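Have a look at the structure below before the remarks.
The values are calculated or read from the model by the stated rules, or taken from the named source; none is laboratory data. These numbers were taken from a predicted model, which means no experiment stands behind them. Neighbour counts are summed over all protein chains in view; Cβ atoms, including those assigned to glycine, are modelled from backbone coordinates with ideal geometry. These area figures cover heavy atoms from the full protein model, side chains too; ligands, DNA and RNA do not enter into them. Shrake-Rupley method; radii C 1.70, N 1.55, O 1.52, S 1.80 Å.
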Amino acid sequence: MAKSPFKRYSGFSLLRNALSNHRRWPRAWRDPEPRKSYDVIIVGAGGHGLATAYYLAKLHGVKNIAVLEKGWLGGGNTGRNTTIVRSNYMLDGNANFYEHSLKLWEGLSKELNYNVMFSQRGVLNLAHSDSEMESFAIRGNAMRLNGIDAELLLPDQIRQMVPHLDCSQSTRYPIFGGLLQERGGTARHDAVAWGYARGADALGVDIIQNCEVSGIRVKDNRVVGVDTNRGSIDAPKVGLAVAGNSGRLAAMAGLKLPIESHVLQAMVTEPLKPIIHTVVTSGASHVYINQTDKGEVLFGGDLDLYNSYAQRGNLPRIEYVVQSVLTLFPCLRRVRLMRTWGGVMDMSMDGSPIIGKLPIDGMYFNGGWCYGGFKATPGSGWCFAHTIANDEPHELNKALSLERFETGALLDEKGSGAFAFSH
Amino acid sequence: MLLIPCPWCGKRAQTEFTYRGDATVERPDLADSDSQWYDYVYTRDNPRGEHTEWWHHTGGCRKWFKVRRNTWTHEVISSEPPVRD
């Protein structure tokens, strides 16, 4: 198998390439032609698909893996999220999975020999009422029982931690306290896709971009391959990791999923000097804010709240999100928005993801990530690879099965019911 | 800003409305199978393209109606009162 000229990135390689005027850096991954058949095909070269391919090759010794991508790698939700990483979940089925993911994040740059700029700057959820503080205490305790760090903060502690936050009593939603996960933070989202792509490619995985799947071939309830705009490719195992397009891919195999696609927007301001040193979120107006390493204040809010496959949203939601941010940080009032964009969320009916087998033999599904796919990237790939390699889920993603909707073992963190957009 | 055509009030800004989702799912009979109920409660066609959906004119006449809208282009095609097809 043709392997890419994988060269470790190091201080020494930086020096050596500097001496040759940076003309001799090897390319980070190949651009191969698709072969006739593979052992495993992963559809979708976002963070999840690439991580899956990486762990399949690295941990499960699977050779002949292809990752098919209709556009360019990392061009979907991997490059559109607000880069937040956390594991502050209450239900065991979610908490253990996301905590595993967070632990993988903690060693990811080293694992991939690629700086994903993981910064454990803390994730702070603000509470705006006594009852919200009580629910945070319950969640924090549940997290600590699962061995996850959580700390309940009082307004004075929050004022010291985030001095620019409006902690006064005169604001629209006065702050009663908050729940802090110190080990949470942010990462450079593109670098995660690039790091996994480079790592997978070095292990012999074919990453095939501009290759759109147009059909899934199934024979006697067993998958045999996929049709693409670059020809038919055979494989006994096909894994889907296509986020917002999950419904369309499943329909190609004649399946219907408990998922709706919705557009979620995010936006950044012009760059500022560092003023927000942690991730701040507020459930009262549903907004989450952090400051990027470039200095832009990056934030997002709620869905546009109608089914959508458009990777762009609408102005009423932007206005609402901006108002919410200004309620918390009035000091940003004169700052200009630089850019807004949208991504298509695969909203599941209970707000939790699905990693597991589909009712067709050899087909596996990874989706339903709602707002929270980015933080799950390493854990999702790790569990999905295990599920594909062993044809059964790992203990960590057993609860995330598709069957839970039929059996009733839902993972509805908020208890908000079977409406995709309410999660 | 989407303009949603309320069958009674005419075109109004989307901010006057509440969205409820796919209007093609039909509630099964109580005696129907678990799998029919599973489909009704959870699974959706989730098309990229034309979609028939429930909207409520919350900030207006407070009536429910069906809108046919393209989920890819956001083009609003038609609307009708909540009648059975």
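A few comments on the model shown:
- Of the residues making up the stretch A:342-375, those that are within 12 Å of residue A:241 (Cα to Cα), assigned to a strand (DSSP E or B) and among the small types (Gly, Ala, Ser) number 2.
- Within the stretch A:347-369, the set of residues being surrounded by 24 or more Cβ atoms within 10 Å (Cβ to Cβ) and away from every other protein chain (no Cβ under 14 Å) comprises A:353, A:355, A:364, A:366, A:369.
- Yes/no for residue A:21 being outside the structural domain of residue A:217 (by TED's automatic domain parsing), more than 15 Å from the chain's Cα centre (by Cα) and not in a loop (DSSP other than H, G, I, E, B): no
- Yes/no for residue A:81 being under 21 Å from residue A:382 (Cα atoms) and either at pLDDT below 95 or assigned to a loop (DSSP other than H, G, I, E, B) (or both): yes
- With respect to the conditions (1) within 12 Å of another protein chain (Cβ to nearest Cβ); (2) under 12 Å from the mean Cα position of the chain (by Cα); (3) open to solvent by 40 Å² or more (accessible area, probe 1.4 Å); (4) not small (Gly, Ala, Ser), residue B:81 lacks only one, and its number is (1).
- Number of the exception - residue B:54 against (1) closer than 20 Å to residue A:419 by Cβ; (2) modelled with pLDDT of 95 or more; (3) assigned to a loop (DSSP other than H, G, I, E, B): (3)
- One residue alone among A:183, A:121, A:159, A:172 is more than 20 Å from the chain's Cα centre (by Cα) and modelled with pLDDT of 95 or more, and that residue is A:159.
- Filter pass, residue A:266 being part of a strand (DSSP E or B) and either open to solvent by 30 Å² or more (accessible area, probe 1.4 Å) or at negative phi (or both): yes
- So residue A:75, is it in the same structural domain as residue A:364 (by TED's automatic domain parsing) and outside any helix (DSSP H, G or I): yes
- If you check A:413, A:403, A:392 for being more than 14 Å from chain B (Cβ to nearest Cβ), open to solvent by 40 Å² or more (accessible area, probe 1.4 Å), farther than 20 Å from residue A:288 by Cβ and not basic (Lys, Arg), only one passes: A:392.
- Residue ID - surrounded by the most Cβ atoms within 10 Å (Cβ to Cβ), chosen from residues in the stretch B:1-54 that are more than 13 Å from chain A (Cβ to nearest Cβ) and in contact (Cβ under 8 Å) with a residue 40 or more places away in the chain: B:6
- The single condition among (1) assigned to a strand (DSSP E or B); (2) closer than 20 Å to residue A:274 by Cβ that residue A:179 does not meet is (2).
Here's the yes/no breakdown for (1) away from every other protein chain (no Cβ under 14 Å); (2) crowded, with 17+ Cβ neighbours inside 10 Å; (3) of a type in the set (S, T, N, Q):
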site	(1), (2), (3)
A:276	yes, yes, no
A:287	yes, yes, no
A:295	yes, no, no
A:298	yes, yes, no
A:302	no, yes, no
A:312	no, no, no
